[in-house]
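Comments concern the structure below.
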Amino acid sequence: MEPTHDDLNPPAAAPAAPLRIRFGLSAKLLVLTVLFVMLAGGCIYAWSIAQFRLTWLANKLSAAHTAALAFDAAPEVPDELSRQILDSIGARALAMKMGQQRRLLATTEPPSEVLQEVDIRDMRPLRAITEAFRTLLVATDGDLLRAVGPAPVGGQFVEIVIAEGPLRSAMLAYSRTVMLLSLVISAITAALVYFALHYLFVRPLRRITANMISFRDDPEDQARILALTSRRDEIGLVEHELAEMQRDLTNTLREKTRLAKLGLAVSKINHDLRNLLASAQLFSDRLARLPDPQVQRFAPKLMRALERAIAFCQSTLSYGRAQEPPPDRRPVALMELVEDVRETLGLQPDSRIGWITSVERGLTVDADLDQLLRVLINLARNATQALESRAPNDPARDQIRITGRREGAVVLIEIADTGPGFSDQARAHLFEAFQGSTRSGGAGLGLAIANELIHAHGGEITLVDGTIGATFRLKIPDRPIPLHERRGERAHA
Ligand SMILES: Nc1ncnc2c1ncn2[C@@H]1O[C@H](COP(=O)(O)OP(=O)(O)OP(=O)(O)O)[C@@H](O)[C@H]1O
Ligand SMILES: [Mg+2]
């Protein structure tokens with residue numbers, strides 16, 4: 001079964017509709033800035049209007065203070081004059097308390113009801129503020145107010161009765177000025193804050209967003225990775241991290257595309273290779289019929305090798321992916337398998353590379369024969385290549401040794417050579433597909449395949465440290481026997 005289009009391309013999630021900005025950050029910032037500046041202005045205004053009222057009253061009281069001195073010195077002031085003095089202060093009546101006695105010094109009219117009293121010598125801020133707003137919002141122009149302040153010449157206090165009207169108009173004029181001023185200040189501040197935030201924050205964010213949208217259209221295009229600015233603040237950090245993420249993603253995607261193309265190429269190669277091998281099989285079939293004893297000896301091996309190759313191509317094609325089929329395990333005689341490996345690599349007893357097999361007598365491995373053969377061929381071929389890369393060749397020195405033994409339920413196989421050993425680069429990428437090859441013409445797949453196949457058997461493969469050349473150790477555990485079979489065995493025993 002060839003891989004279908006759907007297998008290779010799982011359905012992508014539908015792209016989300018682009019989000020529209022409704023109430024942008026700039027607008028929010030502008031409104032907030034105006035609000036905050038107004039709030040701050042409001043607090044300052046409440047405090048300053050209370051102070052303005054107290055100062056206004058204090059000024060009146062200090063004029064009253066001077067008049068009280070005059071009235072005290074000359075008690076018989078004509079009515080006309082005392083009215084003029086009171087008018088200049090703006091008061092309706094003037095009194096002073098000395099000792100136990102409160103004296104009315106001058107008055108313009110018969111006393112009427114006084115609604116409020118303000119003692120400027122003792123005024124709490126909160127009370128000053130509430131009273132100021134009462135004067136502004138509640139009082140009418142005709143309401144009378146008694147203001148009390150410090151007295152001259154040993155008196156206890158001076159008090160005046162005045163109408164709230166003039167005070168209120170003075171306060172309104174003051175409020176208008178303050179309002180105008182704070183409007184100007186808040187407009188200037190809001191504009192400054194707005195532009196500062198816009199340039200520091202909103203504009204870079206827009207740039208990043210625009211980049212993300214364009215990157216999303218083609219994440220494999222390196223030119224779309226965000227260009228970094230020289231900023232070193234939080235925005236700079238965001239830019240840096242985003243660019244790094246985009247770079248990683250681009251590389252991963254490129255690698256994936258390369259691998260997908262490679263996969264397709266391998267499938268094609270496999271397909272036609274299978275056909276070519278099938279015709280080679282036909283020729284070797286005919287070859288096997290020749291009476292020559294040498295041909296008779298090798299033809300069956302050739303036939304078997306070709307059969308295996310065809311079966312391998314077939315299974316790779318049917319899986320259509322890099323994944324191996326699960327191992328088909330049965331007891332495999334290791335000695336014979338190792339012999340097969342030697343013959344496949346063309347190593348004769350008189351070869352330039354010595355071959356030593358030291359396998360326990362009758363040792364069987366619980367493994368998939370074809371897969372274990374591929375593992376050993378890959379490792380042994382690497383060893384031969386490593387030895388051949390070194391000149392001159394001396395069979396006494398250049399050796400490959402395969403040992404095999406059983407330890408309980410685990411079979412240990414070691415493949416050792418006396419070659420140059422692993423280079424640092426090959427060691428750094430041990431068992432990684434396409435990464436570790438240092439050989440020209442090497443794909444860097446041999447060790448990755450061996451690793452995958454051994455793991456599929458529940459085993460492990462390691463490079464043994466501290467040996468001459470390179471030594472790989474394979475551990476292949478037997479399949480666990482299901483419980484009911486074990487019980488059956490015991491019953492038979
Ligand atoms: N026995 C060894 N001695 C020294 N170096 C080795 C040995 N076996 C493997 N290597 C190093 O490990 C690298 C990776 O080996 P691997 O079999 O995975 O790939 P390859 O042999 O380069 O290519 P191929 O996919 O054709 O097998 C080799 O290129 C080589 O540098
Ligand atoms: Mg190799």
ask   = If you go through segment 432-448, how many residues are modelled with pLDDT of 90 or more and surrounded by fewer than 18 Cβ atoms within 10 Å (Cβ to Cβ)?
value = 0
task = State which residue is most open to solvent (accessible area, probe 1.4 Å) when the search covers only segment 232-249 and only residues that are within 13 Å of Q222 (Cβ to Cβ) and in contact with a Phe, Trp or Tyr (Cβ under 9 Å, 6 or more places away or on another chain).
result = L249
ask   = For segment 388-470, which strands (runs of 3 or more DSSP E) that fit wholly inside it have 1 or more residues that are of a type in the set (G, A, S)?
value = 399-407, 410-417
query = Does at least one position in segment 179-195 carry a residue that is surrounded by 13 or more Cβ atoms within 10 Å (Cβ to Cβ), among the β-branched types (V, I, T) and over 30 Å from V138 (Cα atoms)?
reply = yes
request  = Could you run through segment 336-349 and say how many residues are within 13 Å of T364 (Cβ to Cβ), touching a residue at least 40 places away in the same chain (Cβ under 8 Å) and open to solvent by 10 Å² or more (accessible area, probe 1.4 Å)?
outcome  = 0
note = Note on V365: of the conditions (1) of a type outside the set (F, W, Y); (2) crowded, with 19+ Cβ neighbours inside 10 Å; (3) within 13 Å of ligand 1 (Cβ to nearest atom), unmet is (3)
inquiry  = Of the conditions (1) in a strand (DSSP E or B); (2) open to solvent by 60 Å² or more (accessible area, probe 1.4 Å), V148 satisfies every one except a single condition; which number is it?
reply    = (2)
message = So, in segment 380-415, how many residues would count as being at pLDDT 90 or above and more than 16 Å from ligand 2 (Cβ to nearest atom)?
response = 15
Single residue of T344, T364 found to be within 15 Å of ligand 2 (Cβ to nearest atom), closer than 26 Å to H455 by Cα and more than 51 Å from the chain's Cα centre (by Cα) = T344
query = When Q348 is evaluated against the numbered criteria (1) in contact with a strand residue (DSSP E or B) (Cβ under 7 Å, 6 or more places away or on another chain); (2) more than 16 Å from ligand 1 (Cβ to nearest atom); (3) modelled with pLDDT under 90, which criterion, by number, is the only one it fails?
reply = (1)
request  = Looking at (1) of a type outside the set (D, E, K, R); (2) at pLDDT below 90; (3) closer than 18 Å to A170 by Cβ, find the lone condition where F36 falls short.
outcome  = (3)
Candidate set: segment 416-431, residues that are aliphatic (A, V, I, L, M) and modelled with pLDDT under 95; chosen: the one nearest to I476 (Cα to Cα) = L430
Residue check for T364: on the phi < 0 side of the Ramachandran plot, modelled with pLDDT of 95 or more and among the hydroxyl-bearing types (S, T, Y) = yes
note = With criteria (1) at pLDDT 85 or above; (2) touching a Gly at 6+ places or on another chain (Cβ under 9 Å), L145 comes up short on (2)
query = Which condition number does A50 fail, the rest of (1) open to solvent by 70 Å² or more (accessible area, probe 1.4 Å); (2) closer than 24 Å to S175 by Cα; (3) touching a residue at least 24 places away in the same chain (Cβ under 8 Å) being met?
reply = (1)
A493 among the small types (G, A, S), open to solvent by 40 Å² or more (accessible area, probe 1.4 Å) and modelled with pLDDT of 90 or more = no
note = When restricted to L126, L69, the only residue within 60 Å of the chain's Cα centre (by Cα) and hydrophobic (A, V, I, L, M, F, W, C) is L126
note = Subset of segment 202-232, residues in contact (Cβ under 8 Å) with a residue 24 or more places away in the chain and farther than 17 Å from L249 by Cα, comes to V202, P204, L205, T229, R231
message = Looking only at residues that are at pLDDT below 85 and open to solvent by 60 Å² or more (accessible area, probe 1.4 Å) in segment 108-120, which one is farthest from R92 (Cα to Cα)?
response = L115
Hey, R134 free of Cβ contacts under 8 Å to residues at least 60 places away in the same chain, surrounded by 12 or more Cβ atoms within 10 Å (Cβ to Cβ) and assigned to a helix (DSSP H, G or I) or not = yes
note = Of the residues in segment 260-290, those that are open to solvent by less than 70 Å² (accessible area, probe 1.4 Å) and under 30 Å from I225 (Cβ atoms) come to A260, L262, G263, A265
D87 vs. criteria open to solvent by 30 Å² or more (accessible area, probe 1.4 Å) and within 28 Å of T135 (Cα to Cα) = yes
query = How many of the residues in segment 421-444 are of a type outside the set (A, V, I, L, M) and near ligand 1 (Cβ under 6 Å from one of its atoms)?
reply = 9
query = Out of (1) out of contact with any Pro (no Cβ under 9 Å at 6 or more places or on another chain); (2) within 16 Å of ligand 2 (Cβ to nearest atom); (3) on the phi < 0 side of the Ramachandran plot; (4) of a type outside the set (S, T, N, Q), what's the single condition that is false for G421?
reply = (3)
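The values are calculated or read from the model by the stated rules, or taken from the named source; none is laboratory data. Small disclaimer: the values here were computed from a predicted structure and weren't measured. All Cβ positions, glycine included, derive from the backbone under ideal geometry; neighbour counts span all protein chains shown. Accessible surface is based on the protein model in full, side chains and every heavy atom, while ligands, DNA and RNA are left aside. Shrake-Rupley method; radii C 1.70, N 1.55, O 1.52, S 1.80 Å.
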